[in-house]
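Chemist: Mind having a look at this structure? Questions to follow.
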Amino acid sequence: MPASGEIVEPGRYDYDLTVKFPSVYIPEHTPPAFRNAYAQQTTRTRWVSGQFDLTEHVGREALRDHFVRQVCADVDLNIVDVTRFDLTPVST
């Protein structure tokens with residue numbers, strides 16, 4: 001695991017991000033009167049990957065948080081657990 005406070009150099013990067021968070025699952029087509037009875041606690045996983053160009057030095061944690069905010073715009077960030085954040089420089 002990279003050291004806290006690591007600075008990422010400008011360049012082109014591939015990234016992979018995986019987050020998990022608690023959620024409630026209600027089976028499809030459950031009548032409204034039974035939704036609470038059939039609700040189940042679960043953990044949801046979201047992942048995203050892509051490539052980006054970085055034009056200035058930035059902290060690795062700030063970069064990670066930027067992508068987390070994008071993929072979890074509809075989730076309370078206080079309950080999100082980042083399980084993977086990989087950065088790989090792209091050689092040209």
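Chemist: Could you please state how large a percent of the accessible area of the chain is carbon and sulfur, counting protein chains only and using a 1.4 Å probe? Please report the intermediate quantities before stating the final value.
Modeler: Numbers: 3260 of 6650 Å².
Here it works out to 49 percent.
Chemist: Report relative contact order for the stretch 1-88 in percent, whole number only (criteria: Cα-Cα under 8 Å, sequence separation at least 6). If you can, show how the numbers build up before the last one.
Modeler: Numbers: 131 pairs, mean separation 41.6, N = 88.
Relative contact order, the stretch 1-88: 47 percent.
Chemist: Which angle between 0 and 90 degrees, to the nearest 10, do you get for helix 60-71 versus the longest principal axis of the chain when only C-alpha atoms count?
Modeler: 40 degrees
Chemist: To continue, here is another question. If only Cα atoms are counted, what is the Rg of the chain, and what is its Dmax, in Å?
Modeler: For the chain, the Cα-based Rg and Dmax read 17.5, 58 Å.
Chemist: Here's another thing I want to ask about it. How much net charge surrounds residue 81 when only other residues with a Cβ under 14 Å from its Cβ are counted (Lys, Arg +1; Asp, Glu -1)?
Modeler: Details: positive: 20, 44, 46, 64, 84; negative: 65, 76.
Taking every other residue near residue 81 into account, the sum is +3.
Chemist: Excluding residue 52 itself, what net charge comes from residues whose Cβ is under 14 Å from its Cβ, given Lys and Arg +1 and Asp and Glu -1? Before the final figure, lay out the partial values.
Modeler: Details: positive: 12, 60, 64; negative: 9, 14, 16, 53, 56, 86.
Neighbourhood net charge equals -3.
Chemist: Taking a probe of 1.4 Å, how large is the accessible area per residue of the stretch 1-44, in Å²? Write out the running numbers ahead of the final one.
Modeler: Details: 3290 Å² over 44 residues.
Solvent-accessible surface per residue comes out at 75 Å².
Chemist: Only sites in a loop by DSSP and with at most 10 other Cβ atoms within 10 Å count here; which GluC sites (Glu not before Pro) in the chain make the cut? Intermediate results must be reported in sequence, preceding the final value.
Modeler: Working: sites: 6, 28, 56, 61; in loops: 6, 28, 56.
Here the GluC sites (Glu not before Pro) that fit, given the DSSP loop and packing criteria, are 28, 56.
Chemist: Considering only protein heavy atoms, with the full assembly of protein chains and a 1.4 angstrom probe, order 57, 66 by accessible area, largest first. Provide the component values of the computation, followed by the final result.
Modeler: Values: 57 110, 66 75 Å².
Putting 57, 66 in descending order of accessible area: 57, 66.
The values are calculated or read from the model by the stated rules, or taken from the named source; none is laboratory data. What you see is a predicted model; the values in this text were computed from it and never measured. In this analysis, Cβ positions are derived from the backbone assuming ideal geometry, glycine residues included, and neighbour counts consider all displayed protein chains. Protein only, heavy atoms only, side chains kept; ligands, DNA and RNA dropped before computing areas. Shrake-Rupley method; radii C 1.70, N 1.55, O 1.52, S 1.80 Å.
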